[in-house]
Amino acid sequence: LYGYTGTYQGVRVSVQATGMCCPSLAIVVEELVREGAKTLVRIGTAGVVGAGITPGDLIVATGSVANDGTTRQYLGPASYTAVPDFELTQTLVAAAKRRKPATHVGLIQTDDAFYAVTQAATVELAAKGVLALEMEASALFMLGKLRSVRTGCMLVASNRIGDASFVAPEILDEAILEMIEATLNACVAP
């Protein structure tokens, strides 16, 4: 998996691919923490279930419903709420809103099976306050708490779950660049 370290506005920053889904992310996070990482932010795309979110909008997660196997592997049957670092999340929200006013803040869900959620199920998820679905955040948030590192998550809404159409590539590309710059700005914020 590729990783790069450089500087952004004079601050040392690393960018690391984690692979897809929680098991791969957990391996990478455990190794990054062993190498000294103190702040980890997941960026990527997510399928939308919440109302009022348009593909290309940004989403900052305040928590993730852990519908994955990795968190259960770490925690056993214990009940657990996967939440990111509060102050980092506030900084991500502020940075995102400066870049893109169409930023949504709230609960997401982490799933293992990319195509398992049906359009009918999205109605129930939205009623529970879930904004979007993705595949890594709950494990990141859990490991952040277990390993005492700061975590956060910013996503681009890539599509509405159940809608077979795709957002125009130029809209998605622009939103991804906005997400990257907002996340970098948050990471170097004092």
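The values are calculated or read from the model by the stated rules, or taken from the named source; none is laboratory data. Remember, it's a predicted structure, so these values are computed and weren't measured experimentally. Neighbour counts run over all protein chains shown; Cβ positions are idealised from the backbone, glycine included. For the accessible areas, the whole protein counts, side chains as well, though only heavy atoms, and no ligand, DNA or RNA atoms are used. Shrake-Rupley method; radii C 1.70, N 1.55, O 1.52, S 1.80 Å.
May I ask you to give the percent of accessible area on segment 87-126 that is carbon plus sulfur, with a probe radius of 1.4 Å?
56
I'd like the antiparallel share, as a percent to the nearest 5, of DSSP beta bridges with both residues in the chain.
Just about 35 percent of them are antiparallel.
Mind ranking 85-91, 110-116 by how tightly packed they are, going by the mean number of other C-beta atoms within 10 angstrom, highest first?
Highest mean packing first, the order is 85-91, 110-116.
With a probe of 1.4 Å, find how much accessible area segment 93-190 has per residue, and write the answer as a whole number in Å².
Ligands and nucleic acids excluded, the figure is 49 Å² per residue.
Given a 10 angstrom Cα cut-off, can you work out which residue in P101, P23, P84 is the most mobile in a GNM of the chain?
Looking only at P101, P23, P84, the biggest GNM fluctuation is shown by P101.
Please report the carbon-and-sulfur percent of the accessible area for segment 130-170; probe 1.4 Å, protein heavy atoms only, DNA, RNA and ligands left out.
Reported share for carbon and sulfur atoms: 58 percent.
Bin by bin, in steps of 5 Å, what percent of the Cα pairs in the chain do you find, going until the bin that has the longest distance?
Calculated P(r), rounded to whole percents: 1, 8, 17, 21, 22, 16, 9, 4, 1, 0.
Springs between alpha-carbon atoms under 10 Å, Gaussian network over the chain: tell me which of G56, G152, G106 tops the mean-square fluctuations.
Fluctuation is largest for G106.
Need one number: nm distance between label points at M20 and D112, each 7 Å from Cα along Cα→Cβ, rounded to one decimal.
With each label placed 7 Å out from Cα toward Cβ, I get 1.6 nm.
Taking R0 as 35 Å, what's the FRET efficiency between R147 and A168 from their Cβ-Cβ distance, rounded to 0.05?
0.35
Work out how much length V123 to L1 would gain on full extension: take 0.36 nm times their residue separation and subtract the Cα-Cα distance, in nm to one decimal.
So the extension gain works out to 40.3 nm.
If you put +1 on each Lys and Arg Cβ and -1 on each Asp and Glu Cβ, how big is the dipole of the chain around its Cα centre, in Debye rounded to 20?
For this selection, approximately 560 debye.
Please give the per residue accessible area of segment 23-83, computed with a probe of 1.4 Å over protein heavy atoms only, in Å².
Here the residues of segment 23-83 average 48 Å² of exposed surface.
Residue by residue through segment 112-119, what is 3J(HN,Hα) from phi via Karplus (6.51 cos²θ - 1.76 cosθ + 1.60, θ = phi - 60°)? Round to whole Hz and write x for glycine and proline.
8, 9, 4, 9, 6, 6, 8, 4
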